[in-house]
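Written below as structure tokens is the structure these notes are about.
Rule-based calculations on the coordinates, nothing more; no lab input. Everything numeric here is computed off the predicted structure, so don't read it as measured data. Cβ sites come from the backbone with ideal geometry, for glycine too, and all protein chains shown count toward neighbours.
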Amino acid sequence: MDREGLVYLPYLSGWTEHTHSLTDLVVIMCQTFGGDPPVYAKPPSSEPPPPVYPAQVGAQRQVPQQTWNRQPFQQSNEQKKQLVVQELTSKLQQDLQSFYNRIRGEIDDQFENQAQLQAGKETIHAGIERLKQQKDQLQSSIRIINSKQEELDVWLQLNENTTDAVDVDDILQPSNTYSRQMIELIAESSAIEDTFYYLEKALQTERITLDVFLKKVRVLARQQFLSKALAMKVLETQQQKLSVQ
């Protein structure tokens, strides 16, 4: 030990964390200081030598077993180990719980996304089926129109040189009751639209008053609404019959 209280030992200079410990260091210091105490004052050379202590007797200068017992140091280290293990275990459990909660949340989100995708997939398939049905209906209507167009071309060729007058209303005839009703309803709705136009013109030129205009428009609007609603119902029924055929 130097004058500043620093200790120099071979055990310290060769210290490694795997082979050395504070407990062994204290034991070695006790043995060394027992053989050569660093704190007593050496007498002059003329005075008799200092007394020899029991710890100095013997070739190896070992500390008596009853004086330096290592059991308290071992217990202290064991308690520290247990505390460290408990802290690490608690920290690991908390980390695992956080990890579990995060993974569980991600799994729940994935299940929800999967359910939404499945619902979207079913909606898309249903839409595709409806489009296929509409496509089939349109193709059927196109075939009917083409067939009627061919019949009309043949009739025009046969009657091209005839001098008999032909009524325009007789050129196209509905093939069934639904078609005839549909033509009548569309004609009625179109006629009401024309009436609205001329009523507005009459109001602008002050040929009718505002009260008369509103009264006529109210009656005609109700009539047109009923015509369009009935036309939609007839069209829906006609499409159902075509799809069955």
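Numbers at a glance
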read-out: Simple label model, 7 Å out from Cα along Cβ direction - GLN238 to ILE186, nm; value: 0.7
read-out: Neighbour-count order for TYR8, TYR178, fewest beta carbons within 10 angstrom listed first; value: TYR8, TYR178
read-out: Nearby aspartates and glutamates by direct alpha-carbon distance to LYS233 (threshold 15 angstrom, same-chain neighbours under 8 apart not counted); value: GLU184
read-out: Under Karplus coefficients 6.51, -1.76 and 1.60, residue-wise ³J(HN,Hα) of region 108-124 in Hz, glycine/proline x; value: 4, 5, 5, 5, 5, 5, 5, 5, 5, 5, 5, 5, x, 4, 5, 5, 5
read-out: Per-residue ³J(HN,Hα) for region 137-149, Karplus 6.51 cos²θ - 1.76 cosθ + 1.60, θ = phi - 60°, Hz, x for Gly and Pro; value: 5, 5, 4, 5, 5, 5, 5, 5, 4, 4, 5, 5, 5
